[in-house]
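Here's the structure we're looking at; comments come further down.
The values are calculated or read from the model by the stated rules, or taken from the named source; none is laboratory data. Just so it is clear, the model here is predicted, and its values are computed rather than measured. Methodologically, a virtual Cβ is constructed for each residue, glycine included, from the backbone with ideal geometry; neighbour enumeration extends over all protein chains shown. Keep in mind that these areas ignore ligands, DNA and RNA; they rest on the heavy atoms of the full protein, side chains included. Shrake-Rupley method; radii C 1.70, N 1.55, O 1.52, S 1.80 Å.
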Amino acid sequence: MKLYKIKKSNIDRNGRGLYATKNIKAGTKIIEYVGNIITKKQTENSDKFDNSKPIYLFNLNKRYDLDGDVSWNTARLINHSCSNNSEYDGTGLKIWVVSKKEIKKGEEITCDYGFGYDSDYRQFPCKCKSTNCCGYIVRTESRWRINKKFKKNTRISR
Ligand SMILES: [Zn+2]
């Protein structure tokens with residue numbers, strides 16, 4: 001039995017997400033993140049990745065990236081959450097979605113998309129509704145910068 005099923009998402013109202021079909025222990029490989037392995041040069045030369053679909057692109061190593069924007073990659077349906085219960089774990093040329101804490105049956109499986117902080121972050125609003133949600137899809141390490149910015153903006157507007 002698969003550990004996940006596809007369902008309409010609570011986070012992405014227009015899309016689908018993956019939901020746990022049973023209780024999943026921390027450290028469990030839930031699903032492999034599959035796709036086409038392409039060279040960095042192919043990534044650079046392709047206009048597919050110029051911010052419209054960066055969420056599906058993974059850095060595998062110095063030479064290769066993984067393009068997960070393919071119909072047979074079910075793991076691409078996993079949504080981002082600021083309090084994600086799973087994470088992407090790469091070994092060699094493989095990427096797995098691994099639970100980082102216990103996931104209860106029926107919970108949506110979520111990851112941290114790990115976007116860097118740059119001027120384009122406003123393109124990707126986050127609707128995960130976590131108490132620590134910063135409003136945008138930005139990796140944990142970069143999120144404080146946005147919070148800082150928000151505080152700054154608030155001060156200016158007062
Ligand atoms: Zn969020």
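Tell me whether segment 50-57 contains one or more residues that are at pLDDT 85 or above, among the aromatic types (Phe, Trp, Tyr) and closer than 17 Å to Ser86 by Cβ. No, segment 50-57 contains no residue that is at pLDDT 85 or above, among the aromatic types (Phe, Trp, Tyr) and closer than 17 Å to Ser86 by Cβ. Taking the stated definitions as given, is Asp65 assigned to a strand (DSSP E or B) and surrounded by fewer than 17 Cβ atoms within 10 Å (Cβ to Cβ)? Judged against the criteria, Asp65 is not a match. Scan segment 59-89 for residues that are of a type outside the set (D, E, K, R) and away from the ligand (no atom under 16 Å from the Cβ) and the total you get is 14. Screening Ile103 on (1) of a type outside the set (S, T, N, Q); (2) open to solvent by less than 30 Å² (accessible area, probe 1.4 Å); (3) modelled with pLDDT of 90 or more; (4) within 16 Å of the ligand (Cβ to nearest atom) shows it passes everything except condition (4).
Can you confirm whether segment 137-157 contains a residue that is part of a strand (DSSP E or B), at pLDDT 70 or above and open to solvent by less than 40 Å² (accessible area, probe 1.4 Å)? No: segment 137-157 contains no residue that is part of a strand (DSSP E or B), at pLDDT 70 or above and open to solvent by less than 40 Å² (accessible area, probe 1.4 Å).
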